[in-house]
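Quick notes on the structure that follows.
The values are calculated or read from the model by the stated rules, or taken from the named source; none is laboratory data. Nothing here was measured: the structure is a model prediction, and the numbers come from that model. No Cβ is skipped: glycine too gets one built from the backbone with ideal geometry, and neighbour counts run over all protein chains shown. Note: accessible area is taken over every heavy atom of the protein model, side chains too, but ligands, DNA and RNA are not part of it. Shrake-Rupley method; radii C 1.70, N 1.55, O 1.52, S 1.80 Å.
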Amino acid sequence: MATDAPPPSREQHTLPSPEEFTEVQESAEFRELRRSYRSFAFPLTGAFIVWYLLYVLLSNYAGDFMGTKVFGNINVALLLGLAQFLTTFLIAWWYARHAAATFDPKAEAIKSRMEGGA
């Protein structure tokens, strides 16, 4: 059932001009935000890719090692596979915390200034 209710009212913001976007992109504040993001995300991404490829290579070329029983029917391959999931969730959690504390305040300040709120 469709309603004819008007959308919630919002303050109308004018979009910044391309020149204003370029000015912000070239600012020291934006460069610092980009640098802090890259210095966090790139090494973490690289480390995870290496960890993932190590698991794949061990699975392909170290079958005896990966098949080593740790206890019961649980072997090294299963433990390392589960560790892949664990590290994925830990990295996502760590990134979310770091972004909320570091990137988001800087980005919000830039956004507010661009929208004319600062």
In this structure, does Gly81 turn out to be surrounded by 13 or more Cβ atoms within 10 Å (Cβ to Cβ), of a type outside the set (Lys, Arg) and at pLDDT 95 or above? yes
Of everything in region 46-62, what is closer than 11 Å to Gln84 by Cα and either small (Gly, Ala, Ser) or touching a helix residue (DSSP H, G or I) at 6+ places or on another chain (Cβ under 8 Å) (or both)? Give them in sequence order. Phe48, Trp51, Tyr52, Tyr55
List the number of the failed condition for Val70; all other conditions in (1) out of contact with any helix residue (DSSP H, G or I) (no Cβ under 8 Å at 6 or more places or on another chain); (2) free of Cβ contacts under 8 Å to residues at least 24 places away in the same chain hold. (1)
Residues of region 84-93 being within 23 Å of Arg34 (Cβ to Cβ) and surrounded by 13 or more Cβ atoms within 10 Å (Cβ to Cβ), which ones? Ile91
Could you list all residues from region 1-27 that are farther than 30 Å from Ala92 by Cβ and either among the charged types (D, E, K, R) or modelled with pLDDT of 85 or more (or both)? Asp4, Arg10, Glu11, Pro18, Glu19, Glu20, Thr22, Glu23, Glu26
Pairs please, first residue from region 19-38 and within 13 Å of Arg113 (Cβ to Cβ), second anywhere and open to solvent by 90 Å² or more (accessible area, probe 1.4 Å), Cβ atoms under 7 Å, 6+ apart in sequence or on different chains. none
Any hit, region 91-100, residues being modelled with pLDDT of 95 or more and touching a Ser or Thr at 6+ places or on another chain (Cβ under 7 Å): no
Could you count how many residues in region 27-62 are more than 20 Å from the chain's Cα centre (by Cα), open to solvent by 60 Å² or more (accessible area, probe 1.4 Å) and more than 30 Å from Ile110 (Cβ to Cβ)? 4
Going by the structure shown, is Phe65 at pLDDT 95 or above, touching a helix residue (DSSP H, G or I) at 6+ places or on another chain (Cβ under 8 Å), surrounded by 11 or more Cβ atoms within 10 Å (Cβ to Cβ) and not hydroxyl-bearing (Ser, Thr, Tyr)? yes
